[in-house]
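Inspection log for the structure reproduced underneath, given as structure tokens.
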Amino acid sequence: MTTEQNIESRIQEALEQIREAIQQDGGDVEFVSYDDFSKTAFVALTGSCVGCPASVMTLKMGVERAVRMAVPEVQAVEAY
């Protein structure tokens, strides 16, 4: 397993930890990709998160926070 694959699997594990909370509000989060150059993880918010005014807050304060705590190599999480 390469370092990038290891980071991607750890990102996916971090998303699994918060997925239930997002799903309780009718949304979901999916891992899309990881850019090793910019150290950015890209995710897609789906379900009721699409078009929700709070989705930016969910992305930055929820998803990004959880991913960065679990995977310190990640510098940012952006919506795809």
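Read the figures in this text as sums done on the coordinates, not as results from a lab. Nothing here was measured: the structure is a model prediction, and the numbers come from that model. FYI the Cβ positions are ideal-geometry reconstructions off the backbone, even for glycines, and counts take in every protein chain you see.
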Does anyone have the angle between helix 3-23 and the longest principal axis of the chain? Alpha-carbon axes, 0 to 90°, nearest 10?
20
Anisotropy class of the chain from Cα gyration tensor, a/c 1.5 cut:
prolate
With +1 on each Lys and Arg Cβ and -1 on each Asp and Glu Cβ, how big is the dipole of the range 3-79 about its Cα centre, in debye rounded to the nearest 20?
260
Taking 53-60, 71-78 and ranking on average Cβ neighbours within 10 Å, highest first, one gets 71-78, 53-60
Taking the chain as a Gaussian network, Cα atoms linked when under 10 Å apart, which of Ala70, Ala44, Ala21 shows the biggest mean-square fluctuation?
Ala21
So for Asp28, Asp36, fewest C-beta neighbours within 10 Å to most, what's the order?
Asp36, Asp28
